[in-house]
1. Once you average over the residues of A:1059-1067, how many Cβ atoms of partner chains fall within 10 Å of each Cβ?
2. Distance between the C-alpha centers of region A:60-128 and region A:755-825? Whole Å please.
3. Considering the Cα positions of region A:324-393, please state its Rg to one decimal place and its Dmax as a whole number of Å.
4. Can you sort A:95, A:803 by how many other beta carbons sit within 10 Å, fewest first?
5. Return the average number of partner chain Cβ atoms within 10 angstrom of each residue Cβ along peptide A:58-65.
6. Which of A:734, A:23, A:488 comes first, and how do the rest follow, when ranked by fewest Cβ neighbours within 10 Å?
7. Under 12 Å from the Cβ of residue A:412, count the other residues' Cβ atoms, weight Lys and Arg +1, Asp and Glu -1, and hand me the total.
8. Dividing the alpha-carbon Rg of region A:1-115 by 2.2 N^0.38 Å yields what?
Amino acid sequence: MKIQFTLNGKKYGQEIRPDLLLIDLVRSLGCYSAKRGCETSNCGLCTVWLDGQPALSCSVLAARVDGREVTTLEGLQEEAAEFGAFIADQGAEQCGFCNPGFMMNALALFRDNEDPSEQEIQEYLAGNLCRCSGYEGQLRGMMNFLEWRKARRKVASEDDAADGSLSGEASDRTVAEMQYSDMAKTSAALTDGSISDRSVLNRTVDDETISDRAAAGLESGAFITEQVRRFSSDAVSQTHHEKETAQPLRTVNKAVRKKDAMQLLTGQPVYTGDLAPEDCLIVKVLRSPHANALIERIDTANAMKVPGVEVIYTWEDIPADAKRFTCAGQTYPEASPHDRLLLDRHVRYVGDPVAIVAGETEKAVDRALALIKVTYQVLTPVLDYHTALDNPVLVHPEDNWESLCPVGADNQRNLCAHDESRGGDIDKVLSECDIVLDRTYHTKAAQQTMMETFRAFCTIDAYGRLHVTSSTQIVFHCRRIVAAALGIPQSKVRVTKPRIGGGFGAKQTVVAEIFPAFVTWKTKKPSKMIYTREECMTASTPRHEMEMHVRLGAMRDGRIRGIDLYTISNTGAYGDHGPTTVGLSGHKSIPLYGKAEAFRFVSDVVYTNIMAAGAYRGYGATQGLFAVESAVNELAAELHMDPFALREMNIVREGDVMPAYYGEPNTSCALDKCLARVKKMSGWAEKFPVRRLPNGKIRAMGMGMAMQGSCISGMDVGSATLKVNEEGYYTLTIGAADMGTGCDTILAQIAAQVLECPVDAVTVFGADTDASPYDSGSYASSTTFVTGKAVEKCAQDLRERICKLGAKLLGCEKEQVEFDGGKVYVLEEEGAADAAGTNNARAAMSVNDAGAAYDADVAVVCDVSEQEKREECLEDGAAEVAEVQDERRAVEKQSRSVSLQDIVIASMCGNDIALETTYTHSSMVSPPPYMVGAAEIEVDPQTGHVKVVDFYAAVDCGTPINPNLARVQAEGGIVQGIGMALSENISYSADGHVHENSLMQYKIPARTDFGHIHVAFENSYEDGGPFGAKSIGEIVINTPLPSIADAIYQATGKRFYELPILPGQVAGE
Amino acid sequence: MISIKEYRKAESLEEAWELNQKKANRIIGGMMWLKMSCGRVQTAIDLSGLGLDTIEERDDAFVIGSMVTLRQLETHPGLDAYTDGAVKEALRHIVGVQFRNGATVGGSLFGRYGFSDVLTLFMTLDAEVELYKGGVIPVSVFAEMSYERDVLVRVIVKKKPEKYYYQSVRNTDTDFPALTCGAALEADGSLRLCFGARPQKAMMLADRDGVLDGLCTGENIVGHAENGAGDESESHAGVELESDAGTESESHAGVEKESNAGTESENYTGVEPGRDAGSESENHTGAELKNNAGAKPECGTGTEAGSEDAAMKRLEAIGAYAAENIPTGSNMRGSAAYRSKLVKTLASRAAEHFLTEAL
């Protein structure tokens, strides 16, 4: 049928299928900003405007837009840039995948409502799910935007009343000033952990400091730094670093915007699904309806007859001698057993692939899937992890199952791994304790629920190699796994990742890639596979379900003397990450109690016939910390002690050796400060344990602590390649994957700090197995700590090289020169060099500064057109450049120096000193970050409804390289923890089907599901990390679980030993 | 994903009705969740060209076209004022603004879904639906009708001198409800209660014993309260205590059979039948109003301690009566026992709301 409609102001006449959905129509017309995050109308990612009203384009028939007006983010670029800048200033765009939908809805609200209240904003955004940000940064950005808009309008109306001819200029200035003051406030707020409440936004900045707009523009960076310093009482790491090195932190520990922020916020097509060629074959798999079965017969004849179907593969297409592999993205030889085939005759869970179908259209493929006839020999499944070990039914009876590492695995026992570790005589210590709490805790699986489902597309490149473009955290491991699955040499495979729409560990496992890879390798045609949300919920890699038996021994005075932990972990049908996750349940919970004399930690990981588990933020520590921290909270209640007081007595301190943490020393630890901070900021003394409200609801408090690692000790490898280019900018190439966290930006900040240049002078490329230096990938909290250190050392090495070539040009030895970011100068002429240095540095930097100033201006987009502003800035910059260049020439005559640009130019002619270098780093220790959290909940005792009204957290991640992004990591992780504690459930039917198979049934927190998150930083300084940094990505999910569980106990008197805690359980007796 | 062979924007109700007589054809409301069904539709019938997308406020009624969106309904000032905010409260938790901009009144009502806030709302308001062939019938009757192939044209909300109050309990803010409760205070001060998402579709509480009568009429506030103190609430309390686990679980089991029959709610909510009704009933009997801090009416200060006590008892009696007479079942959002507890709580709270307002 034919329809006529307007899309972003342009008229279209289009021939369409009657059941085409609007989202597919607009994407086919190049509007890739509309994203699909579910099939059940729950996520809000596909929001567009229909006649000016926000609508779910996934739920509107294209036929219905006949005669109507459709607007996507592509049609609102100006508004998107204007408002988006405020989100970018919070770092709240994160992976960006949900942003177009969020932006469309927020912009609709702004048009609808001149001055919405916070409550109205929250309710309006309840249908826009975001998994990264925890919504708080979005809210801050919106509040700032509204404040700015109000001020702008006020100025405009005042100007209207005043002299018209000058009004434009006047309003410009005011707006610009406001913006800078906002930025300063925001930056300050973010650096100063205490200001997590919104009151900071109302703090006044001294107006005199921004009296001159041009000056403010050109020196905005310095200005903000100044403001940050003024406000930041907590910049411990900064002072530490500066004391140690006498070097100011210029780009590290600064809240700079993510490099890709504006591209993401304006909805540019940068994700896997946006980049796939139009003519890709659509790849889908037929999935087993049985939890345990053998395929007796499979008939694809009818399915092959469907027009448009290209190929169908079954287990019969896999060579009989194919070697098994693991899909876990881990360093080779993987700890995870090699227990998978691309297609196996034995299917081991409801959802296990049975056949691969590739065809020209989704419809054809769906039709073919329905026509494949399979006869199964249905086998008894093992569904209860309690009975899995030594069950006569084996999940992996096959002979070619293989465990490459000594993890205690035995497929003839359904055992994926077994481990034991101990320190001291735990039985003796427990027998001497006044009190031994003996409790069993159960955490169910949980879905990472990144907004972008698993997806990859494959092509054959000019050399006949397979090019896999995938939303993956682990390009190098992915290359190995794809090659293994296809039985081809790794040299035939290249893996790259574009922007990733969130991962949280899910994409540390190869889930989708092998299927299109196989299709493209066989057919030599491009193909793509995009997981549905249902597949994501039923055939993916959720958190390992674990049961933890804790015995906690203590004395009446509160001394914790011993912890005995037995964990049983359910890895499901395949052992991906099975042997490794379980270790963290003990090794990252027990060491928190540094005074304990003994510990024992025993673990079993068992196979069952449910969906395989995988890596999810926290990776076992989350489960173990729920158990141990809950037990310690219960101990506090038994002893009538305050939970904080009990912790203060027992926690591990800086300098302690941690026997349960592989005997590693605790090199940096502000856990004590985190405790004090959270106690204070949460108002614990006044609020703990409960207050009854007049309306019958109960407010209650609960707390918990956490630790994590900063890498896998002695294993994770991070690498960086840096080169300096003509005009003096740098290219940083990495193999780590920015999955929305902002590691591209953070690593550039580290490089810029060492190279003494603006962050904008460092471009980042990655990750690509052909081009990137080897990196184990973005997981295990290792990117900042390991890859960050590699970048730091790499940048130092590049400095050396710049100096070497500079010295050569200056005709002296390398030892005689120094590099100041702008030029290499001769050290001996100190007096002259000082003067020259200052001036030349200014000259070298001023062009960059002008650019930076322009960018800063863009951040604030105001009434002035961008072009005008750019010119203005560049004029100012150019004038200064000219002036300073004159000066430089004059000084250079006296002093001896050579600018970076000149060095680079010289490097391109008759040169044998490479201005490019690669550095690889690995750490033998994994210094833990620490965190303390406290939940304030409101319970309706009769309905059992629990809402986290406020969550308070203090994090010790060493130096936060980017306080904005660290804060948003914390907020996002905490909200995921809230979801795991209160609503995210995974349950199975008696025959092994997952009930929670969509976002309609698996409930991640929406904006309205909690109140506010307050994050503070208590920085220790970790010598092993870049500029004192440790990790932050994983630890942040852990503390809500025990905190909320204990708060519920305080409110209701009921202890919960299983997550999630649903309202029906809270209300029940 | 649904597949559609033809799309037809009906030019008249007659045409829509005519097309709809074919089993392979289907009327699309807002589309929304319809897209999730796996069926193959011959002709999708679109009513959006028939001017059914307006809310008309008359002196005696609101006339709401079936293609009016939930968002239109939610933001209509007249309806908001007339229902004391009940419309807004009933709709604001449904997924999100964008969803409610698409979902229609007709689509939401026609399915008569178990989880439906919309059905609970209109049943509470004692609204009527106008079917193209079937004429005007009360929503409560429509809810029980079989899925005939008629066309839902309008919903009519007759204005009455009543007060309204809407509550729902949800596991998360935008989830399907675990229970919905619409309440009306009638002109004579009597209470009318409607419960949905039990998880079966909404139903009115049949007040055979006059328990809801005269809740808020002048002297009746005290009178009834005293009355209650004398016999009513005592007897109800007695019933509550006497009801043994056996009977309870029987009634729950019966309900579950009903829920199995209701295929539409299974489709959409993943209703999970067959939880252990016995053990849940045990929970339930043990789940008396232990935490009743929330049930205290705020009429304490000016009144005598005795009447406050009596009012409390009256509220409890209403809750207990509702819990006894509203069948509930289990699904993944809550057990039958939990829902019965919610029925009790929300019934008491509704009564308390009007009582507090009256004072």
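1. What the average comes to for A:1059-1067 is 5.
2. Using only Cα atoms to place each centre, the spacing works out to 39 Å.
3. 16.3, 46
4. On the way: A:95 29, A:803 21.
Starting with the residue having the fewest Cβ neighbours, the order is A:803, A:95.
5. Taking all residues of A:58-65 together, the mean is 6.
6. A:488, A:23, A:734
7. Net local charge, residue A:412 excluded: -3.
8. Numbers: Rg = 14.0 Å, N = 115, 2.2 N^0.38 = 13.4 Å.
This ratio for region A:1-115 stands at 1.05.
Each value in this text was obtained by applying a stated rule to the coordinates, not by laboratory testing. Note that the structure is a prediction, hence the values are computed from the model and not measured. In this analysis, Cβ positions are derived from the backbone assuming ideal geometry, glycine residues included, and neighbour counts consider all displayed protein chains.
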